[in-house]
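Peer 1: Below is the structure I would like to discuss, written out as structure tokens.
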């Protein structure tokens with residue numbers, strides 16, 4: 001809206017409407033990231049058939065990369081794109097990475113003889129590594145931008161609302177992380193149980 005020659009954002013309950021999108025986006029991103037991370041080592045061991053040492057090494061390398069890429073994200077945001085475009089572009093990169101990881105876990109893609117085992121494990125490994133790299137770049141790259149961008153949505157006289165935003169913002173981060181860490185293993189357990197039951201039914205018939 002144009003007021004006194006200046007553009008002002010729409011306000012809902014005293015808060016800029018953009019704040020609600022920022023908070024929801026951050027909750028979903030954290031839920032997705034920690035949900036994937038909760039079962040990542042199991043994916044390495046039981047799908048890619050890696051031993052404990054390799055699975056642990058790749059896992060910790062991925063986590064370390066997630067905490068190094070915020071430096072790159074901060075440089076890109078401050079020097080070239082700005083916070084908003086950096087968040088948009090790297091969120092797209094992050095989403096592509098999650099899709100790549102999901103696709104890499106579909107063994108039917110390379111299971112040409114339909115025996116339940118991938119015929120080309122190299123394809124799954126390469127796609128997984130590309131997916132993890134994109135996820136690390138995306139989740140780390142937006143890390144220094146989102147909170148700062150949220151704070152920028154408030155005017156100087158909205159100090160109380162700004163403080164409340166940061167409290168809710170970090171609550172959503174931790175809430176998304178906690179819920180996904182609890183829910184994802186439960187969903188995986190149910191999926192594994194269904195697969196076992198299907199196997200028993202096929203064996204009986």
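The values are calculated or read from the model by the stated rules, or taken from the named source; none is laboratory data. Nothing here was measured: the structure is a model prediction, and the numbers come from that model. So basically every Cβ, Gly included, is an ideal-geometry build from the backbone, and we count neighbours across all protein chains shown.
Peer 1: Being touching a residue at least 40 places away in the same chain (Cβ under 8 Å), within 17 Å of residue 143 (Cα to Cα) and surrounded by fewer than 15 Cβ atoms within 10 Å (Cβ to Cβ): is that true of residue 84 here?
Peer 2: The answer is yes for residue 84.
Peer 1: Can I ask one more? Evaluate the following for residue 108: is it under 24 Å from residue 42 (Cβ atoms) and surrounded by fewer than 17 Cβ atoms within 10 Å (Cβ to Cβ)?
Peer 2: Criteria met by residue 108.
Peer 1: Going by the structure shown, is residue 139 at pLDDT 95 or above, surrounded by 13 or more Cβ atoms within 10 Å (Cβ to Cβ) and more than 16 Å from residue 19 (Cβ to Cβ)?
Peer 2: For residue 139, the condition - at pLDDT 95 or above, surrounded by 13 or more Cβ atoms within 10 Å (Cβ to Cβ) and more than 16 Å from residue 19 (Cβ to Cβ) - is met.
Peer 1: Restricting to region 7-20, and then to whatever is touching a helix residue (DSSP H, G or I) at 6+ places or on another chain (Cβ under 9 Å) and part of a helix (DSSP H, G or I), can you tell me which residue is surrounded by the fewest Cβ atoms within 10 Å (Cβ to Cβ)?
Peer 2: 18
Peer 1: Kindly indicate which of 23, 93, 76, 41 is in contact (Cβ under 8 Å) with a residue 12 or more places away in the chain, in contact with a helix residue (DSSP H, G or I) (Cβ under 8 Å, 6 or more places away or on another chain) and more than 22 Å from residue 147 (Cβ to Cβ).
Peer 2: 41
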